[in-house]
Amino acid sequence: MCRNITTLRGLQPAATTEEIEAAARQYVRKVTGVQSISDATRDPFEAAVAEIATITARLLDELPQRRQPPTTVPPLRRPEVRARMALRELKKP
């Protein structure tokens, strides 16, 4: 459905809370079409992200281990993505 959501099951080390939340956020953005959160969308959007992240974490805990790790590296584990995020944080007022 969304090419930006990467497989989290089978990662070594296991998917972090931050990675699970990022996947949930991307999913909610995709299904709602909300790219920019406004005051009108903030509460339902964030509630959906939290709920989906909780469900995803539980699912990953309950599934059996994969025999092979995923073929793609989640964005939050890529140095170039981390550098972009750090730069964005520095530019915030």
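Scalar couplings 3J(HN,Hα) for the stretch 30-37, obtained by applying the Karplus form with A = 6.51, B = -1.76, C = 1.60 to θ = phi - 60°, are 5, 6, 9, x, 8, 9, 10, 7 Hz; x denotes Gly and Pro. Between the helical axis of 79-91 and the longest alpha-carbon principal axis of the chain there is an angle of about 20 degrees. Listing E19, E46 from fewest to most neighbouring C-beta atoms within 10 Å gives E46, E19. The packing ranking, built from the mean of other Cβ atoms within 10 Å per residue, places the peptides 20-26, 38-44, 55-61 in the order 20-26, 55-61, 38-44, highest first. Between E18, E80, E51, the Gaussian network model of the chain with springs among Cα atoms under 10 angstrom shows the greatest mean-square fluctuation at E80.
Between E62 and M85, what FRET efficiency comes out of the Förster formula 1/(1 + (r/R0)^6) with R0 = 41 Å and r the beta carbon distance, rounded to 0.05?
Numbers: r = 30 Å, r/R0 = 0.73.
The computed FRET efficiency comes out at 0.85.
Between T71 and T17, the simple spin-label model (points 7 angstrom out along Cα→Cβ) gives 3.3 nm. Helical content alone sets the calculated 222 nm signal of the chain at -19000 deg cm²/dmol, taking -39,500 (n - 2.57) per DSSP H segment of four or more residues and averaging over every residue. Relative to the longest principal axis of the Cα atoms of the chain, helix 39-62 runs at roughly 10 degrees.
According to the Cα-based calculation, Rg over Rh for the stretch 17-91 is 1.02, with Rh computed by the Kirkwood formula.
Quick note: the coordinates plus some simple rules give every number you see, no bench work behind them. Model, not experiment: these values are computed from the prediction. Ideal geometry is used to build each Cβ from the backbone, glycine not excepted, and the neighbour counts take in all protein chains shown.
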